[in-house]
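Structure first, then comments.
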Amino acid sequence: MTTASTSAARAALDAYPVEFEFPDIRPYAEGNTGIPYLFTFDSGTPGKHVMIISLTHGNEVSGAVAVKAMLDAGLRPRRGRLTLAFGNVDAYHSFDPA
């Protein structure tokens, strides 16, 4: 990439800044399974097992927002089991959105 194209790319990024508060996921570190940042909820009724994992890449924050919201809302399955996880936590905690 040339200096001119690098400057143009930087200008494009600056024109559309991301102004979003990254959620603090540290309160979820303990999980409820013995595995950090992993939660599973069983309804006690037969059904599917659904897993939602966020932060496969530590800078992809939207999944963390969604999983945090589901945990905060106390979402529980009516049937089957629901597993919610924050994946690449070390990368997330070291990511600098600036």
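A short reminder: the numbers here are calculations on the coordinates, not readings from a lab. These numbers were taken from a predicted model, which means no experiment stands behind them. Every residue, glycine as well, gets a Cβ built from its backbone with ideal geometry; the counts of neighbours run over all protein chains shown.
More than 18 Å apart: what percent of Cα pairs in the chain qualify? Considering the chain, 56 percent of its Cα-Cα pairs are separated by more than 18 Å. Among Ala64, Ala85, Ala11, the residue with the largest mean-square fluctuation in a Gaussian network model of the chain, with springs joining Cα atoms closer than 10 Å, is Ala11. Note that segment 83-89 has calculated 3J(HN,Hα) couplings of 10, 10, 9, 9, x, 8, 5 Hz, one per residue in order, obtained from phi through the Karplus relation 6.51 cos²θ - 1.76 cosθ + 1.60 (θ = phi - 60°); glycine and proline are x. For segment 37-97, averaging the sequence separation of C-alpha pairs within contact (under 8 Å, six or more residues apart) and dividing by the residue count gives a relative contact order of 52 percent.
Do any trypsin sites (Lys or Arg not before Pro) in segment 50-98 lie in a DSSP loop with no more than 16 other beta carbon atoms within 10 Å, and if so, which?
Values: sites: Lys68, Arg78, Arg79, Arg81; in loops: Arg78, Arg79.
Those satisfying the criteria are Arg78, Arg79.
Scan segment 14-98 for chymotrypsin sites (Phe, Trp or Tyr not before Pro) in coil per DSSP, keeping those whose Cβ has at most 14 other Cβ atoms within 10 Å, and list them by number. Passing both the DSSP loop test and the Cβ count: Phe20.
Considering only the other residues whose Cβ falls under 10 Å of the Cβ of Ser43, what net charge follows from Lys and Arg at +1 and Asp and Glu at -1? Don't skip to the end; give the middle numbers.
Numbers: positive: Arg76, Arg78, Arg79, Arg81; negative: Asp42.
Computed value for this residue: +3.
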